[in-house]
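Notes for the one structure printed next.
FYI, it's all coordinate maths here, none of it is from the lab. None of these values were measured; they are calculated from a predicted model. Cβ placement follows ideal geometry from the backbone for every residue including glycine, while neighbour counts extend to all protein chains displayed.
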Amino acid sequence: MAYNPFMANTITFLKNHQRFAWKVRIVTAHTYLEKLVSTSDEQVKKVLILRITEELISSTEDLAMWIGATQTRSNPTKAYGDVWEYMLLGSATNRQIVEILKDIARVKTANGLIKKLHLAPIEKIASVANMSREDIQNILSKILEAVKASQSNRTVRRGVLLRFHNKVKHGMMVQDYGHELFIRDLMLGKNGRKKNRNLYLDLDTEKAEKNGGDN
Amino acid sequence: MVGTIEANGYAIKSIISLLFYDFIEQLQNKKKRMTEKQKKFWLEVLNA
């Protein structure tokens, strides 16, 4: 890794992200949840459930991008000199995001994850962090759990949630069907035939709370 | 559906922490091309 003056900016960015930006989606989801449980307006509830689901899927992309940036930093390219540049310039298709998550989800141990992220061995990290080896292993296990869940969320039923996410951000795809929301998805097959893939989203406050993590 | 927004957020925060520890570890063990003054500067930036 090259230590040049620009890296001071990158460190400032990382510190700032660690203080503030990492929780933007969490605070957003919790704020939606608070309103969701307090409002009696059914339409407002539906809008909030849509937005919480959107935040959930977006958060899987955030995680994949950070993993990509962490892996790329040890082998900087002209395009991505460091972590910050990767986060600013990097873009990934859904397939690439799923590949990043799958690659990590295959890992079985904390040691394996450390290697995948190209980080120093657990003992060295623990020493620098003034933490025990077990603490670092627990942190790595939690990351691994989040990655596995994210991979599942992005791939379940041939990526229905991701397609849902793409449709929801253009709200015209969503229709209010009374007790549930209907999202019409249309796929174009290789043979040129159109295929409907419809999704129904229940008005389920409990599920929305679980997605937010406030349980 | 499994997994939460919160778990993903904390995972990102943890990755950043690990990156910092890795930077510090590399600085402490980097023997070449860095004077003590440079090393001190970077450790101060990281620990600020």
Under DSSP loop assignment and at most 14 Cβ neighbours within 10 Å, longest trypsin sites (Lys or Arg not before Pro)-free interval of chain A:
A:1-77
Karplus-derived 3J(HN,Hα), 6.51/-1.76/1.60, for each residue of the stretch A:175-181, Hz, glycine and proline x
10, 7, 10, x, 7, 8, 9
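With a cut-off of 8 Å between alpha carbons and a minimum separation of six or more residues, what is the relative contact order of chain A in percent? Could you put the intermediate results ahead of the total?
Numbers: 216 pairs, mean separation 43.8, N = 215.
Computed over chain A, the figure is 20 percent.
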Alpha-carbon Debye profile of the stretch A:62-130, log10 I(q)/I(0) at 0.19 Å⁻¹:
-0.81
Sequence-distant residues sharing a close amide H with B:Thr4 (under 5 Å, placed H)
none
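For the cross-link pairs A:Lys124/B:Lys40; A:Lys46/A:Lys108; A:Lys169/A:Lys190, which exceed 29 Å when the distance is taken from alpha carbon to alpha carbon?
The answer is A:Lys46/A:Lys108.
Could you work out [θ]222 nm for the protein assembly as shown from helices alone, using -39500 (n - 2.57) per DSSP H run of at least four and dividing by all its residues? Round to the nearest 500 deg cm²/dmol.
Numbers: 11 runs with 176 residues, N = 263.
Here the helix-only value at 222 nm equals -22000 deg cm²/dmol.
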Within 10 Å of the Cβ of an average residue in A:143-152, the count of other chain Cβ atoms is 5
Just tell me how shielded A:61-69 is by partners: mean number of partner chain Cβ atoms within 10 Å of each residue's Cβ, no decimals.
3
Residue among A:His165, A:His179, A:His30 with the largest mean-square fluctuation in a Gaussian network model of chain A, springs linking Cα atoms under 10 Å:
A:His179
What's the average, rounded to a whole number, of partner chain beta-carbon atoms within 10 Å of each residue's beta-carbon in A:119-128?
5
For chain A, would you read off the P(r) tail past 28 Å as a percentage of all alpha carbon pairs?
40
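If the only charges are +1 at each Lys and Arg Cβ and -1 at each Asp and Glu Cβ, what is the size of the charge dipole of the protein assembly as shown around the Cα centre, to the nearest 20 debye? List each step's numbers first, then the result.
Working: 42 positive and 28 negative charges, 258 e Å.
I would put it at about 1240 debye.
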Suppose we take every Cα in the stretch A:99-215 and form the convex hull; what volume per residue is that in Å³?
148
List, in order, the whole-Hz ³J(HN,Hα) value for each residue of the stretch A:190-196 obtained from phi through the Karplus relation with A = 6.51, B = -1.76, C = 1.60 and θ = phi - 60°; use x for Gly and Pro.
5, 7, x, 7, 8, 9, 6
Specify which residue in the list A:Gly112, A:Gln151, A:Thr10 is farthest towards the positive end of the charge dipole of the stretch A:5-155, using unit charges on the beta carbon of Lys, Arg (+1) and Asp, Glu (-1), about the Cα centre.
A:Gly112
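Size of the dipole of the stretch A:112-202 about the Cα centre, Lys and Arg at +1 and Asp and Glu at -1 on the beta carbon, nothing else charged, in debye to 20?
Details: 18 positive and 8 negative charges, 164 e Å.
Dipole magnitude for the stretch A:112-202 comes out near 780 debye.
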Residue among A:Val98, A:Val156, A:Val128 with the largest mean-square fluctuation in a Gaussian network model of chain A, springs linking Cα atoms under 10 Å:
A:Val128
